[in-house]
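Below: the structure, in structure tokens.
Taken together, the values in this text are just the output of simple stated rules run on the coordinates, not laboratory data. Computed from a predicted structure; not experimentally measured. In this analysis, Cβ positions are derived from the backbone assuming ideal geometry, glycine residues included, and neighbour counts consider all displayed protein chains.
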Amino acid sequence: MKISIIQTEVSYKNKRENISRVSSLLTAAKEIGDLVLLPELFSTGYIFNEASEIHELSEKFAGSQTIESLQSLAKKFNTVIVAGIAEEDNGKYFNSIAVIDESGLIDRYRKISQTNIDTQYFSRGNQLTTFEHQGVTFGVAVCFDLWFPEIVREYSRLGVDILLHPSNFGGEQSLQISRARAIENSMYVVTCNRVGSDITKDLTGVYRGCSQICSPDGNYLLRLNDAHTLATVELDVDISSPKQVIEVDLNHERDAILSQLKN
């Protein structure tokens, strides 16, 4: 399974330019993975002066021009694209992830955790999302979600082999947490962070890049700097092996611990 990370510099509020930047990186790439991961809210930016600004940029996923553009790219490059897009649904707004192949939208995830920024703009999601591609089971967690082991633990119970982690973060902590979640849940964690900045009257968000891929044993298979770039890595995913940590069956031991604590 080959995965490409597009660590893009987001053009603030400019959907057309952001899609063009993704297209240019894909066109120039020597190799494109079976799946391409983009950052959280890759087409709009993350921090705004008013909630109305991101609400106006949000899209219904049925008929979304952004999804249609990514569908064309997925078909052209024979891949699946997973991308952060602001979503509007029946008057509610979500920090969402779209899973797109050549046929269009095949799944979505809505961010469950909320930072102080998210609470100003978005409603919470209320369910996890898993999907299969080439026999591998994927899950999706957005940025701050990874800080909550409850979310990733449930993905592990659902048999997720690779956790996709689109992000907009500027600090170091998420990188460390990403590695910890990979080790404790016996799964790959693929973090795709953006670069660049969002500048508002009250706050400036500066995004560090440093996208990375951690293996289930905690090794770094990829660590990027702060460049606007595409990188592709092949992951050796053993879908037949039960989830283990230090040769202990992970789910069996979790159940035993929870049972013991209830006594």
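Computed values, structure above
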read-out	value
Amide H partners (placed H, <5 Å) of residue 137, local residues excluded	161, 162
In Å, descending, principal axis extents of the Cα set of the chain	52, 42, 34
For region 36-165: relative contact order, % (alpha-carbon pairs under 8 angstrom, 6 or more apart)	20
Environment charge of residue 24, counting only residues whose C-beta is closer than 12 Å and scoring Lys/Arg +1, Asp/Glu -1	-1
Proximal charge balance of residue 99 [Cβ under 12 Å; K/R count +1, D/E count -1]	-2
Longest site-free stretch - the chain; sites: GluC sites (Glu not before Pro), DSSP loop, at most 14 other Cβ within 10 Å	51-171
Quarter of the Cα convex hull surface for region 1-54, i.e. its orientation-mean projected area (nm²)	4.0
Average Cα contact separation per residue, the chain, under 8 Å, 6 or more apart, as relative contact order %	20
Unit Cα scatterers, Debye sum, region 1-110: log10 I(q)/I(0) for q = 0.13, 0.19, 0.21, 0.23 Å⁻¹	-0.43, -0.92, -1.11, -1.32
Table column - 3J(HN,Hα) (Hz), region 186-200, Karplus curve with 6.51, -1.76, 1.60, x for Gly and Pro	6, 9, 6, 10, 10, 9, 10, 9, 8, 10, x, 8, 10, 10, 10
5 angstrom amide H check on residue 142, placed H, neighbours 5+ away	112
Rg to Rh quotient for region 109-204, alpha carbon positions, Kirkwood Rh	0.99
Prolate/oblate/rounded label for region 149-225 (Cα gyration tensor, a/c 1.5)	prolate
